[in-house]
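Report on the structure given below.
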Amino acid sequence: LWKRALEINEKALGPGHPSTAGSLNNLAALYRDRGQYKEAEALWKRALEINEKALGPGHPGTAGSLNNLATLYRDRGQYKEAETLWKSALEIHERALGPDHPDTATSLNNLAETYRSQGRYTEAELLMKRALEINEKALGPDHSGTATGLNNLAALYRDRGQYDDAEALFKRALEINEKALGPDHSGTAGSLNNLSALYRDRGQY
């Protein structure tokens, strides 16, 4: 279906249209989920090229393409490549949307996760705290986006062995998701898994 949608957009709108880039993004995401990284990389690079030409290098749509490609590199352990792209995406969001926009917070979290994967905890913590502050102000303290920020920071604390700090944040994120998403939502299940993993690490079987 995504191949068919891509073909339609290419014929109706042209190979350089942002909607064509959107179809490429969808198909690439499928390939990434299936572990077909080379195929996904080729399509995301093409989508990035389209958006840079059609929308401009400083457009949030271009930042979205950078984020997609960076996620792929992170999955493959290419942290330097991912870091470079996420820094570019962050700069675009800060300039185009402002330093206090939720999309800026997402870019901060993405970059922070790359640092965390490399054990660069101090750098990651600073970015995660900034992202959390943005979401608390922009979305509210009881929004699921805020819960995501709490989970990210808590996971970092768990990695560093700061179990009490991690537990407090995981519990707060769980409470938010239960209220915002409901007790049977996958986001709530994620919070439960995070908290249970913490208890496992502490031997609280």
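The values are calculated or read from the model by the stated rules, or taken from the named source; none is laboratory data. Computed from a prediction, not measured in an experiment: that's the story for all the values here. Positions of Cβ are generated from backbone atoms using ideal geometry, with glycine treated the same way; all protein chains shown enter the neighbour counts. Side chains are part of the model used for accessible areas, which takes the heavy atoms of the whole protein and leaves out ligands, DNA and RNA. Shrake-Rupley method; radii C 1.70, N 1.55, O 1.52, S 1.80 Å.
The table that follows gives values for the structure above.
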quantity	calculated
Test: residue 172 is more than 23 Å from residue 71 (Cα to Cα) and either at pLDDT 95 or above or among the polar types (S, T, N, Q) (or both)	yes
In segment 121-169, residue farthest from the chain's Cα centre (by Cα) [restricted to those that are of a type in the set (A, V, I, L, M, F, W, C) and over 21 Å from residue 94 (Cβ atoms)]	168
Check on residue 38, in contact with a Phe, Trp or Tyr (Cβ under 9 Å, 6 or more places away or on another chain) and more than 22 Å from residue 153 (Cα to Cα)	yes
Residue match in segment 195-202 (condition: closer than 17 Å to residue 108 by Cα and basic (Lys, Arg))	no
Residue that is of a type in the set (A, V, I, L, M), at pLDDT 95 or above and within 15 Å of residue 107 (Cα to Cα), where the choices are 27, 1, 66	66
Complete set of residues in segment 4-53 that are in a helix (DSSP H, G or I), over 26 Å from residue 74 (Cβ atoms) and not β-branched (Val, Ile, Thr)	4, 5, 7, 9, 10, 11, 12, 19
Residue check, residue 30 touching a Leu at 6+ places or on another chain (Cβ under 7 Å) and at negative phi	no
Test result for residue 83, assigned to a helix (DSSP H, G or I), of a type in the set (D, E, K, R) and free of Cβ contacts under 8 Å to residues at least 12 places away in the same chain	no
Test for residue 71: is it open to solvent by 60 Å² or more (accessible area, probe 1.4 Å), of a type in the set (S, T, N, Q) and assigned to a helix (DSSP H, G or I)	no
Residue match in segment 59-75 (condition: without any contact (Cβ under 8 Å) to a residue 60 or more places away in the chain, among the charged types (D, E, K, R) and over 27 Å from residue 161 (Cβ atoms))	no
One residue from 95, 74 being within 29 Å of residue 132 (Cβ to Cβ) and under 17 Å from the mean Cα position of the chain (by Cα)	74
Residue satisfying condition, being surrounded by 15 or more Cβ atoms within 10 Å (Cβ to Cβ), of a type in the set (A, V, I, L, M, F, W, C) and within 28 Å of residue 152 (Cβ to Cβ), within set 55, 66, 24, 6	66
Residues within segment 9-21 that are open to solvent by 40 Å² or more (accessible area, probe 1.4 Å) and closer than 17 Å to residue 67 by Cβ, tallied	1
